[in-house]
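Below is one structure, written out as structure tokens; the observations come after it.
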Amino acid sequence: MSSIAFIPVRGGSKSIPLKNIKAFCGQPLVYWTVKAAVDSHQFDTVVVATDSIEIKKAVQSFQFQNVEIYDRSAENAQDHSSTESVMLEYINQLESDSNKIFTLIQATSPLLSANDIEQGFAKFKQEGIDSVISCVREKRFYWNEDGTPINYDYRNRPRRQDFDGMLVENGAFYINTVNNIIKDKNRLSGNIGVVELPHYTAVEIDEEDDWIIAEKLMHKHLFQDKTSDIKLVLSDVDGVLTDAGMYYSENGEELKKFNTRDGMAFQLLRENGIKTGIVTSEDTQLVERRGKKMKVDFLYQGKKDGGKLEVAKKICGELNIKLSQVAYIGDDINCKDLLSSVGLAACPNDALKKIKEIQNIKILSKKGGEGAFREFVEDYILI
């Protein structure tokens, strides 16, 4: 059977305005569930249903294959609109094949992984299963308002390791068929199979505090394997370690404003055995002095266009490492080749638009010269 992933995202959000495209771990929030769906290789089409032009443009910029935009009606994009209403709206315009597998994925569950989705499909294919729901196991004791316990005997309080707990819906995904959804007008039908996902996937982003917690969990559980192999961290200067401003003294001497917190980040990397370097298109004694003060291992100036990538390859040869083990932060078009080639790429929040559009780049919350390099190191490398 053919299969559709359906990700509804509204433009309106009172708790966090335009939260579905607010930067989460360097990418718009909706990016992560779209990526999980694409990477799972379970879907012929991944559909993002939205009423927002801004969200539509953001999703199109991801340039994933087999991802389509569905313009949901304003009627089904209100605060009171149910998810089922937009699901049925989309299904009603499908031409045929009511046996399609239809998977609802919630954009507010960014910790969902491709592997989680694959587990869901494995359960769905089991004999006798009509639909599938994702859950996590909660080992908490629940009570009614009248003072009676729901899921344990307080007179014989079990130890945590002996307590099975309860399965709780985490809202990540629901797998069903088009035919069942039309018949029951519900995301779930018939004999429901449960897939238990890791507990950290329980976080759904509805409030600001959820956002903070979810980003920390993402770094811990989903980024750890990718960043633990970083052996070399390189940085641009203007627009990254500085605010890109051009300052001159009365006698015409060029000045630059650096951030001391970035300097400490270089020290932290060195203490953790990670090599550091500066690769910049400028060529000044000022940058040389700053590099020496921060004790960087490599300093290359006057490198324009593709020269930065060649420098990185040269350093990799000296260290006997791969480009995939290099992290680089840059902000302008002459950084693009290197940013597109390294294992971990990032840019300040005020970087050039074309740089922000590089696939998998981490868009930081801080601007150049405001501690962006420190944020990159602490949030993505030394985690």
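Structural remarks
- Summing +1 for each Lys or Arg and -1 for each Asp or Glu among the other residues whose beta-carbon sits under 14 angstrom from that of residue 232 gives +4.
- Label point distance in nm, residue 382-residue 142, each placed 7 Å from Cα along Cα→Cβ: 4.3 nm
- All-pairs alpha carbon distance profile, the chain, 20 Å steps from 0, percent: 25, 46, 25, 4, 0
- Where N is the number of residues in the stretch 3-218, Cα Rg divided by 2.2 N^0.38 Å: 1.07
- All lysines inside 22 Å of residue 139 as judged from Cα atoms, apart from same-chain residues fewer than 8 positions distant: 216, 220
- As a calculated quantity, the FRET efficiency between residue 318 and residue 282 at R0 = 22 Å, using C-beta atoms, amounts to about 0.45.
- Estimated FRET transfer efficiency (residue 44, residue 16; beta-carbon r; R0 41 Å; 0.05): 0.80
- Out-of-range pairs (alpha-carbon distance over 29 Å; input 308/362; 292/366; 100/354; 256/362): 100/354
- GNM on the chain, alpha-carbon springs under 10 angstrom: the most fluctuating residue among 320, 349, 180 is 320.
- Considering only 21, 105, 182, the Gaussian network model of the chain with Cα springs below 10 Å gives its largest mean-square fluctuation to 182.
Read-outs throughout are calculated quantities, based only on the coordinates presented, and are distinct from any laboratory measurement. Computed from a prediction, not measured in an experiment: that's the story for all the values here. All Cβ positions, glycine included, derive from the backbone under ideal geometry; neighbour counts span all protein chains shown.
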